[in-house]
Each structure stands twice: as structure tokens, then as C-alpha cells.
Amino acid sequence: MTQFFQRLGHSTLSSFAKLGRGSFFLMQILKATLSVIPRPRLLINQLYSVGVLSFLIISISGLFVGMVLGLQGFYILSDFGAEETLGMMVAASLVRELGPVVAALLFAGRAGSALTAEIGLMKATEQLSGMEMMAIDPIKRIIAPRLLAGFISMPLLAALFSAIGVLGGHMVGVGLLGVDDGSYWSQMQAGIDFQDDIINGIIKSIIFGFAVSWIALFEGYDAIPTSEGVSRATTRTVVNSAFTILGLDFILTALMFGDI
Amino acid sequence: MDISVNSATDIVSIQNLSFSRGDRKIFNNISLSIPRGKITAIMGPSGTGKTTLLKLIGGQIHPDQGSVIVDNHNVHKLKRTDLYTLRKRMGMLFQSGALLTDINVFDNVALPLREHTRLSDSMIRSLVLIKLQAVGLRGARDLMPNELSGGMARRVALARAIALDPMMIMYDEPFTGQDPISLGTIVELINDLNSALGLSSIIVSHDIEETVSIADYIYILSEGKIAGQGTPEQIKNLDSAWVQQFMNGDADGPVPFHYPADDYLKDLFES
Ligand SMILES: Nc1ncnc2c1ncn2[C@@H]1O[C@H](COP(=O)(O)OP(=O)(O)O)[C@@H](O)[C@H]1O
Ligand SMILES: [Mg+2]
């Protein structure tokens, strides 16, 4: 029994310690972001490997999610004879929820895990120590450009996901199931509000992108510098990112759309 | 064993240094000094804390007690910017080379120059080629680090370490895992750099033969203490069973061959 409480206390303390290290790490990065400006190349390289290389998985997933939404939406809506509003339903689900959330989950799996493994291996192979000894701050040169790249890429990837999803819904709804093309688009135009839906969706994805990049970079930086340590850190990145995204999504949705 | 600081002759002076990791005391109140312009070796079995000592000198980790003076600066009392300024004059060659794997050889050597100087591109190009020529790898400038052999990677790292013309270089296990030819190359390079550039060198190593052949002075570490010190000649004749076992590479001696265990026969026939 005492052992149980001992262990509970120990793990509580160590998670608080980790949270502290993580916050301190974030502060260091934020202080270092300005130093990225004179070195745009570093940011561009990262935008490519964090953002551009995620295009394919985001596009394909967006297409399938949109197609499923078209199918499910059509069956439900046609019960009420409301299949004309399919476009609105597909777009609202994507822009408000699925775009930001699913794109962020995919981003954590594709780019977040890669970031953790990369930073963890740089630590294990003494590259980070080596930079420090050359009087080059790895936070400035390695970490800050990657955080910035994640922060910039995520909303764009979420927008890409939603846009392709809307096309997928159109393919199924209009192409296969015979919903009227004109009403698919016009209902969407009428039903989607710029402020409520689009801006809020973008805010969500910016916050998710920031959170996922922070978690991924911190787990890599904090990893035990062995192959086992890096592999565990990579797993933690994906798991912790998923929890964080879903938890934050609930909070943000409640703040944006609910009256809680 | 209080060593007085003599900054005219010593580039590094370590006084009453203690450092622990967890419960284990890696250094227990050691003092030593590294003279300018010489090659000083710090030897000891794996895991005694040789790499840790270099990191303490470079200010990457903090001691529990004692001080590290590098070129008249107390490393652990410096402000961050001053520490970084000091580090520009300390080269360090990591055991693994620690080259950045996403840029090629040329860019690796150019990195400290680009970060810390305002030299023009053509100037940087000339300097990088000069440093690469010094380690014999001018022709390898376009290779990526993963295309280099272990010995070549270490030589590129050496070129990078001398890019800013430091006052001293710390070598972490420079001889380990090298084939005989690159071993000879590295031994010669360390010697040449020391005499040609007037550097001070610290070599951390457990490779006895090579180290003894180039070191001017040797410290031997064991269990957090200095077990012996002197010129290579003096070390060879040192009256310490432990030092002799280490220097001769005997399997058994004061350091037992067997990890502490129960009686062998009893263990075998148990149960
Ligand atoms: N980051 C670290 N965290 C915990 N223990 C470490 C760390 N780095 C080294 N150690 C331990 O400190 C001791 C000394 O390590 P090190 O200085 O690398 O030895 P050496 O270079 O002489 O082989 C070893 O027992 C090692 O396990
Ligand atoms: Mg070592």
C-alpha cells in the first residue's frame, strides 16, 4: 500500500518536473525565434520536410474522409429529404472538426514522430553537444526553425485536408448519388460562416500545430540518448500529441461554439 | 593537494573538483593542470568519467564543487555570452565526430566560420579548403557525413575544430576504433597541429600505446581520483600495482578479472 503511494508520488513529481522542463524549453525556443529571421534558408528547409512532405498523406486521407462523409451524410439526410444540404454538412464537419483534428493527428504521426527521432538521434550522436561546444546554440539553429515550420504548416495542411475532403464529398454525393451540383455548392456557401466556421477552424489548427511541434521537439530534446530512449520518445510523441489534440479540441470547441 | 594557479604556464587548471551522477561520485576532489603548448593525456578505463571531464572543462555541465579555470576564466562563473566567446577558442573533437548529418563536409567545416565571423563567401571557401587540406580531405568536400569512413569523419571533425584557430583542442578517444593506417594519420595530425599551430592539446584516451607515444604529460584517473601522473617515462616506472595493471593491460590484478560474485562451486551446485 505504501509502495503504491510512493510510486504515485514519484510519478506525479516526475511528470511535474517534466512539465517544468518542457515549459522552460518552450521559453528558450520563443526567445530564439527572432534569430531565424536572418537565416531564412533554415526555415525553408524545415517547411519542406515538415510541411511539403506531409502533403501526400494529408491529401489522400482528406479525400477518403470527404468521400465517407458524402456517403454517410447522404443516407442520413435523404431520410429527411434534405440531401440538397449535403454540401453544407460535409463542409461544416470538415472545416470545424475533422480538418483541424484529423490533419493534426496525421501530422503528429508523420512529421511529429520524425522530428522527435531526428532530434533524439542528433542528441545521441553528440551533434547537439558538438554545436554547443562550437558556441552555436542548438535551440536557435536546430529547434526554433522546426517549431516555426510546424506552426506555419499545420493550418495550411488542415485547409488542404478540408478542401480535398469537400471535393471527395462532391465526388460521392454529386457524382455517384445524384445530389444536384448547384445545390451542393450553394448550400455550402449559404451555410458556412466565415467567422464562426473558417476562422475558428484555422485558430484550432494553429494551436494544434504549435502543440504537436512543441511536444515532438521536446520529447526529442529530452530523450535518453540511446536507441531505446529515442524509440520510446518517438512513441510518447505520437501518444501525447493525440491526447493533447483531442483534449484541446474539446476545450476549444466549448469556448468557440458552446455557451459553457 | 592544492595546486596554485599559474595562468602564464597553464591553460586549464582544475581545483578540488567533485562531480556526481546520482549516487555515484565520478570525481572526488581532484586537482590537475594542463600546461600551454603541450600535449597532455588523461587516461583511465572506460566509464571513469573522461568524457565527463571534458564536458566540465567546456562548461556543458556544472561541478558539485571546485572550479575549472580556462585561460584565466572560471568557466562555471561566466555569463552565457562570455562562455560562448570562450568556447570559440576551445576546439573539441567528439568521439563520434559529431558532424551534422544533413549537410556535406564543406558546410560542416564552414559552419563555425559562417556563424561566428563576417567573412565573405570566397574567404570562407579558402579557409575551409586550407583546413581540409591540413587533414588531407580537400577532395572529399562534397561528400555527406554518412559517406565517410570513421577515420575520415574524425578528420573532418578535426578540420572543423580548428576552423576558428582555437587556442586548445580537446580530443575524446581519438584513437578508438581506427584501422592502423588512420590511426597513424591521426597520431601524426595531433602532433603536427600541436607543433605547427602552437596549440595546447588534451587527449582523453584508454589506448595506451598511441597516447604514450605523443603525450608530454599523463594523468591516470581511477574511481574518481588521480591514480598516477608524470611524463610517459615516469608513468612506466610508477610504483603502483593498479597503474601497472592498466598500463600493461593485465587481465587480473588489483582490478579483478571477475565481477564480484558468490563462491563459484557453491553457485554451480546450488538447487
Ligand atoms: N548523461 C548521463 N546521465 C547519467 N549518467 C551518465 C551520463 N553520461 C555519462 N554517465 C555515466 O558517467 C560515467 C562516466 O561516463 P564518461 O565520462 O562517458 O566515461 P568515459 O568517457 O571515461 O568512458 C559512466 O558511468 C556513465 O555511465
Ligand atoms: Mg568517453
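Looking at A:212, A:179, A:174, which one is open to solvent by less than 60 Å² (accessible area, probe 1.4 Å) and at pLDDT below 90? Give the derivation first.
Working: A:212 fails: at pLDDT below 90; A:174 fails: at pLDDT below 90.
Exactly one residue qualifies, and that residue is A:179.
Just checking, how many residues over segment A:110-136 are assigned to a helix (DSSP H, G or I), of a type outside the set (A, V, I, L, M, F, W, C) and within 14 Å of chain B (Cβ to nearest Cβ)? Show your work before the answer.
Initial filter on segment A:110-136 (assigned to a helix (DSSP H, G or I)): A:110-124, A:127-133.
Next, from what is left, pick out any that are of a type outside the set (A, V, I, L, M, F, W, C): A:110, A:112-113, A:116, A:118, A:120, A:123, A:127, A:129-130, A:132.
Next, from what is left, pick out any that are within 14 Å of chain B (Cβ to nearest Cβ): A:118, A:120, A:123, A:127, A:129-130, A:132.
Number satisfying all stated conditions: 7.
Which of the residues that make up segment B:124-182 are within 22 Å of the chain's Cα centre (by Cα), β-branched (Val, Ile, Thr) and farther than 17 Å from residue B:93 by Cα?
Answer for segment B:124-182, where residues must be within 22 Å of the chain's Cα centre (by Cα), β-branched (Val, Ile, Thr) and farther than 17 Å from residue B:93 by Cα: just B:181.
Return the only residue of A:255, A:217, A:246 being crowded, with 18+ Cβ neighbours inside 10 Å, closer than 28 Å to residue A:27 by Cα and either out of contact with any helix residue (DSSP H, G or I) (no Cβ under 8 Å at 6 or more places or on another chain) or of a type outside the set (Phe, Trp, Tyr) (or both).
Numbers: A:255 fails: crowded, with 18+ Cβ neighbours inside 10 Å; A:246 fails: crowded, with 18+ Cβ neighbours inside 10 Å.
Among A:255, A:217, A:246, only A:217 is crowded, with 18+ Cβ neighbours inside 10 Å, closer than 28 Å to residue A:27 by Cα and either out of contact with any helix residue (DSSP H, G or I) (no Cβ under 8 Å at 6 or more places or on another chain) or of a type outside the set (Phe, Trp, Tyr) (or both).
Within segment B:179-203, which residues are away from every other protein chain (no Cβ under 14 Å), surrounded by 18 or more Cβ atoms within 10 Å (Cβ to Cβ) and either at positive phi or within 16 Å of ligand 1 (Cβ to nearest atom) (or both)?
Selection gives B:203 alone.
Which ranges mark the helices (runs of 4 or more DSSP H) fully within segment A:27-109 that have 1 or more residues being exposed (fewer than 14 other Cβ atoms within 10 Å of the Cβ) and not β-branched (Val, Ile, Thr)?
Details: elements: A:40-46, A:55-79, A:86-92, A:99-107.
So the answer is A:40-46, A:55-79.
Where the second residue is away from ligand 1 (no atom under 16 Å from the Cβ) and assigned to a loop (DSSP other than H, G, I, E, B) and the first is over 13 Å from residue B:39 (Cα atoms) and lies in segment B:161-172, which pairs have Cβ atoms under 6 Å and are six or more apart or on separate chains?
Correct list of pairs: B:164/B:88; B:166/B:89.
Return the only residue of B:164, B:113 being in contact with a Pro (Cβ under 6 Å, 6 or more places away or on another chain) and within 11 Å of chain A (Cβ to nearest Cβ).
Working: B:113 fails: in contact with a Pro (Cβ under 6 Å, 6 or more places away or on another chain).
Only one candidate qualifies: B:164.
Exactly one of these conditions fails for residue B:243: (1) more than 14 Å from the chain's Cα centre (by Cα); (2) open to solvent by 30 Å² or more (accessible area, probe 1.4 Å); (3) not polar (S, T, N, Q). Give me its number.
Of the numbered conditions (1) more than 14 Å from the chain's Cα centre (by Cα); (2) open to solvent by 30 Å² or more (accessible area, probe 1.4 Å); (3) not polar (S, T, N, Q), the odd one out for residue B:243 is (2).
State which residue is farthest from ligand 2 (Cβ to nearest atom) when the search covers only segment A:213-234 and only residues that are of a type in the set (Ser, Thr, Tyr) and farther than 26 Å from residue A:97 by Cβ. Spell out how you get there, then give the answer.
From segment A:213-234, those of a type in the set (Ser, Thr, Tyr) are A:213, A:221, A:226-227, A:231, A:234; that's our starting set.
From the residues that got through so far, the ones that are farther than 26 Å from residue A:97 by Cβ too are A:221, A:226-227, A:231, A:234.
Working: A:221: 22, A:226: 14, A:227: 18, A:231: 23, A:234: 26 Å.
Looking at residues that are of a type in the set (Ser, Thr, Tyr) and farther than 26 Å from residue A:97 by Cβ, I get A:234.
Condition check ((1) among the hydrophobic types (A, V, I, L, M, F, W, C); (2) within 16 Å of ligand 2 (Cβ to nearest atom); (3) closer than 24 Å to residue B:192 by Cα) across all residues:
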| position | (1), (2), (3) |
| --- | --- |
| B:21 | no, yes, no |
| B:32 | yes, no, no |
| B:41 | yes, yes, yes |
| B:47 | no, yes, no |
| B:59 | no, no, no |
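Go over the candidates B:53, B:32 one by one and state the one that is within 11 Å of ligand 1 (Cβ to nearest atom) and touching a residue at least 24 places away in the same chain (Cβ under 8 Å).
Numbers: B:32 fails: within 11 Å of ligand 1 (Cβ to nearest atom).
Criteria check complete, one pass: B:53.
With respect to residue B:211, is the statement that it is hydroxyl-bearing (Ser, Thr, Tyr) and surrounded by fewer than 19 Cβ atoms within 10 Å (Cβ to Cβ) true? So that I can check it myself, show each step before the final result.
Values: hydroxyl-bearing (Ser, Thr, Tyr): yes; surrounded by fewer than 19 Cβ atoms within 10 Å (Cβ to Cβ): no.
Judged against the criteria, residue B:211 is not a match.
Against the conditions (1) under 25 Å from residue B:192 (Cα atoms); (2) among the basic types (Lys, Arg); (3) away from ligand 1 (no atom under 16 Å from the Cβ), where does residue B:79 fall short? Just the number, please.
Single failed check for residue B:79: (1).
Residues to consider are B:172, B:165, B:179; find the one that is closer than 25 Å to residue B:71 by Cβ and either small (Gly, Ala, Ser) or away from ligand 2 (no atom under 16 Å from the Cβ) (or both). First the steps, then the outcome.
Details: B:172 fails: either small (Gly, Ala, Ser) or away from ligand 2 (no atom under 16 Å from the Cβ) (or both); B:179 fails: closer than 25 Å to residue B:71 by Cβ.
The conditions single out B:165.
Just the residues that are at the interface with chain A (Cβ under 7 Å from one of its Cβ atoms) and touching a residue at least 40 places away in the same chain (Cβ under 8 Å), please, taken from segment B:67-89.
Residue satisfying the conditions is B:88 alone.
If you take the residues of segment B:38-50 that are in a loop (DSSP other than H, G, I, E, B) and of a type outside the set (S, T, N, Q), which of them is surrounded by the most Cβ atoms within 10 Å (Cβ to Cβ)?
If we filter segment B:38-50 for residues that are in a loop (DSSP other than H, G, I, E, B), which is where we start, we get B:38, B:44-49.
Subset that is of a type outside the set (S, T, N, Q): B:38, B:44-45, B:47, B:49.
On the way: B:38: 16, B:44: 20, B:45: 13, B:47: 11, B:49: 22.
Looking at residues that are in a loop (DSSP other than H, G, I, E, B) and of a type outside the set (S, T, N, Q), I get B:49.
Could you check how many residues of segment B:246-271 are of a type in the set (Ser, Thr, Tyr) and in a helix (DSSP H, G or I)?
Start the filter on segment B:246-271 by keeping residues that are of a type in the set (Ser, Thr, Tyr), which leaves B:259, B:264, B:271.
Right, trim to in a helix (DSSP H, G or I) and you get B:264.
Counting residues in segment B:246-271 that are of a type in the set (Ser, Thr, Tyr) and in a helix (DSSP H, G or I) gives 1.
Scanning for something in contact with a helix residue (DSSP H, G or I) (Cβ under 8 Å, 6 or more places away or on another chain), away from ligand 2 (no atom under 16 Å from the Cβ) and open to solvent by 50 Å² or more (accessible area, probe 1.4 Å), does segment B:81-93 turn up at least one residue?
Kept after step one, since they are in contact with a helix residue (DSSP H, G or I) (Cβ under 8 Å, 6 or more places away or on another chain), are these residues of segment B:81-93: B:83, B:86-88, B:90-93.
Filter once more, keeping what is away from ligand 2 (no atom under 16 Å from the Cβ): B:83, B:86-88, B:90-91.
Pick out the ones that are also open to solvent by 50 Å² or more (accessible area, probe 1.4 Å) and you get B:88.
Yes: segment B:81-93 contains one or more residues that are in contact with a helix residue (DSSP H, G or I) (Cβ under 8 Å, 6 or more places away or on another chain), away from ligand 2 (no atom under 16 Å from the Cβ) and open to solvent by 50 Å² or more (accessible area, probe 1.4 Å).
Looking at the structure I just gave you, is residue B:63 away from ligand 2 (no atom under 16 Å from the Cβ) and either closer than 30 Å to residue A:48 by Cα or within 14 Å of chain A (Cβ to nearest Cβ) (or both)?
No.
Limited to segment A:198-231, what total is found for residues that are over 18 Å from the mean Cα position of the chain (by Cα) and either more than 16 Å from ligand 1 (Cβ to nearest atom) or under 22 Å from residue A:254 (Cβ atoms) (or both)? I'd like the intermediate steps shown before the answer.
To start, the set of residues in segment A:198-231 that are over 18 Å from the mean Cα position of the chain (by Cα) comprises A:221-231.
Restricting the remaining residues to those that are either more than 16 Å from ligand 1 (Cβ to nearest atom) or under 22 Å from residue A:254 (Cβ atoms) (or both) gives A:231.
Residues flagged as over 18 Å from the mean Cα position of the chain (by Cα) and either more than 16 Å from ligand 1 (Cβ to nearest atom) or under 22 Å from residue A:254 (Cβ atoms) (or both) within segment A:198-231 amount to 1.
Let me spell it out: the conditions are (1) part of a loop (DSSP other than H, G, I, E, B); (2) under 21 Å from residue B:232 (Cβ atoms); (3) within 16 Å of ligand 2 (Cβ to nearest atom); (4) not aromatic (Phe, Trp, Tyr), and residue B:53 meets all of them except one. Which number is the exception?
Only one criterion is unmet by residue B:53, namely (1).
The values are calculated or read from the model by the stated rules, or taken from the named source; none is laboratory data. Here the structure is a predicted model, which means the values were calculated and not measured. Glycine gets a Cβ as well: all are built from the backbone with ideal geometry, and neighbour counts include every protein chain shown. Ligands, DNA and RNA are stripped out before the accessible areas are found, and what is left, the full protein with its side chains, is counted by its heavy atoms. Shrake-Rupley method; radii C 1.70, N 1.55, O 1.52, S 1.80 Å.
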